[in-house]
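The values are calculated or read from the model by the stated rules, or taken from the named source; none is laboratory data. This one's a predicted model, so the numbers in the text were calculated from it and none came from an experiment. Cβ sites come from the backbone with ideal geometry, for glycine too, and all protein chains shown count toward neighbours.
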Amino acid sequence: MAERQRGSRDARGSERGGASVALFRLPPPAAGGSPSRADQLILAAATGARRLSDEELREVLEHVAHAGFDPRPDRRGRTAAEKHFRKHVIEQREWPEDTTFEQYLASARMVVLDPRSSIMTSQYYREHQLAVIGPSGSMRGPKGGDWIVVEYRLGLGHWTTVFQPEDLQHDFIHVPRRENVRWLRRHL
């Protein structure tokens with residue numbers, strides 16, 4: 001269980017606490033073990049229990065950038081990263097034609113770490129998620145959109161998707177089953 005200490009300050013220098021207060025409980029990740037500190041921080045922000053400091057937000061983004069897709073293959077031997085690459089780069093042509101698998105993954109990490117990117121938390125099918133949304137720029141393909149979305153699921157500890165929605169609002173933010181959207185940083 002995470003705790004908030006008296007006297008800690010957020011990025012604006014505002015006092016965040018009273019005495020130590022228990023904030024939440026996060027179920028252990030599906031793979032077993034304790035939830036990461038990053039997942040605990042994301043959940044605190046997602047539930048409105050507290051605002052993250054700039055340092056904590058950087059810690060969360062570093063964690064998310066390196067989380068990647070779940071590396072376990074499905075019964076056909078394909079990983080989530082391979083399936084998403086095939087769907088979004090090869091079939092749907094959201095990235096430029098010559099984009100490699102490694103470039104697709106690198107573009108996701110760059111979006112997560114880019115200070116121009118927006119960050120939101122939400123619940124999708126009641127699962128807490130963190131999404132980072134950044135400009136697609138030179139990574140926009142023939143059928144790509146203006147934005148790259150990287151979505152990370154707490155508990156799973158991995159990305160659930162990396163794609164370029166045609167219409168960010170309609171195809172991602174305001175989809176059915178997405179609730180409790182909170183913006184941690186908004187540059188849209």
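Below are the figures for this structure:
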read-out: Failed condition for Glu151, given (1) within 16 Å of the chain's Cα centre (by Cα); (2) in a loop (DSSP other than H, G, I, E, B); (3) among the charged types (D, E, K, R); value: (2)
read-out: Criterion (surrounded by fewer than 17 Cβ atoms within 10 Å (Cβ to Cβ), under 19 Å from Pro165 (Cα atoms) and free of Cβ contacts under 8 Å to residues at least 60 places away in the same chain) met by exactly one of Gly77, Gly137; value: Gly137
read-out: Residue count, segment 134-146 (criterion: over 20 Å from Gly68 (Cβ atoms) and either among the charged types (D, E, K, R) or outside any loop (DSSP other than H, G, I, E, B) (or both)); value: 6
read-out: Among the residues listed as Phe163, Phe172, the single one being of a type in the set (Phe, Trp, Tyr) and farther than 25 Å from Leu52 by Cβ; value: Phe163
read-out: Residue satisfying all of: in segment 154-178; in contact with a Gly (Cβ under 7 Å, 6 or more places away or on another chain) and part of a strand (DSSP E or B); surrounded by the fewest Cβ atoms within 10 Å (Cβ to Cβ) among these; value: His158
read-out: Answer from Val181, Val89, Val132 - the residue that is crowded, with 19+ Cβ neighbours inside 10 Å and either within 16 Å of the chain's Cα centre (by Cα) or closer than 30 Å to Ser34 by Cβ (or both); value: Val132
read-out: Checklist (1) at positive phi; (2) within 11 Å of the chain's Cα centre (by Cα) applied to Arg126, failing item; value: (2)
read-out: Test result for Gly13, on the phi > 0 side of the Ramachandran plot, at pLDDT 50 or above and surrounded by fewer than 19 Cβ atoms within 10 Å (Cβ to Cβ); value: no
